[in-house]
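What follows is a single structure, written as structure tokens, with notes after it.
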Amino acid sequence: METPAVAAGEKLGVVDGRPSPLSKMVVPVFDRSVRYGLGVFETVGVHAGRPFLLGQHARRLVQGLGRLGLASSLDPRTLVRWGQRAVELASVQEGVLRILATAGDDGALRPRVLAWAMEEPPTASEAFERGLRASIHPLRRGPASPLSGTKSLAYADCYLARWQANARGFDEAILCSSEGRIAEGTASNVFIVEGSRLVTPPLSEGILPGVTRAFILEVARGVSLEPMEEPIEMARLMRSSEPYLMSTQLGLALLVAVADKMIAEGSPGPVTHTLRRSYRGIGRGEYADSAATAGWRVERGMDIT
Ligand SMILES: Cc1ncc(COP(=O)(O)O)c(C=O)c1O
């Protein structure tokens, strides 16, 4: 693939498979993503120069387009190639790869796909170390929403919920289902530990099928935890021993308080240590053959057969 000439210091991304300077990666006003937020996006972790679980992200992106009525000939393999190319072009070692697929112009069902990667320090912020504090936000999740389960470009509701939580001194906002049970964070999935059970709300609560969520459910089996998908009431969350928020960007973050109530010890317990060790290790290509990976390898993120 030819690489265009670029000004010194200018970074490159990929548009519909072709390298492009970041400054030229634009979406025209005619694209329906501009007016309606019609389209989907992915944020993929990059560790040691490799996009982590890229195949899973690519698959979710294609499924998301289908759920928004934007089914196209775009396939996950192509997206994996373009994503890898974006990481190589930007020479990113530790950071994120972003992939965005728009609806395309009026009348033409052809998504535009833009992919670019950036160095970003791992989330080892003070908040991450001390544990996260979340508020409860009135925004509800539910299968009735046509956007349910998609990582839609129409993201302003979650963005604002998080912004409001941050303005009140919280790190994240928890959203409930239409029945008032725990659904997910604005950009994270929720897990709790009960003895040897690792429990997370089912997808039927209208939540995003998080790539980290699926990965951790799988890893749990390899470290003698019993993964469960069950509705979680607020009281159950508050009684749990090690509640988490999980996402590509957070990894596994301990949730230490909801509203102003502390949960459990408020510090990482044994399950947190075990899961984090597996998660980080696998992300960096370590433990590829250990029981904890339960067949999940870094390569599997790219190999989507
Ligand atoms: C609403 C929502 N739930 C869950 C997640 C976690 O998903 P993933 O693990 O794929 O990053 C995200 C990620 O941004 C999200 O926006």
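Data for the structure
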| item | result |
| --- | --- |
| Computed [θ] at 222 nm, helices only, for the chain once each DSSP H run of length n ≥ 4 contributes -39500 (n - 2.57) | -8500 deg cm²/dmol |
| Contact order normalised by residue count of the range 35-137, Cα under 8 Å, 6+ apart, percent | 29 |
| Eligible lysines near LYS24 by straight Cα distance, threshold 18 Å, same-chain separation 8 or greater | LYS11 |
| Normalised contact order of the range 6-66, rounded percent, pairs of Cα under 8 Å and 6 or more residues apart | 18 |
| Efficiency of FRET from Cβ geometry, SER178 and LEU22, R₀ 41 Å, rounded to 0.05 | 0.55 |
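All of the numbers you see were taken from the coordinates with simple rules; none came from a lab. Predicted model only: the values in this text are computed from it and were never measured. In this analysis, Cβ positions are derived from the backbone assuming ideal geometry, glycine residues included, and neighbour counts consider all displayed protein chains.
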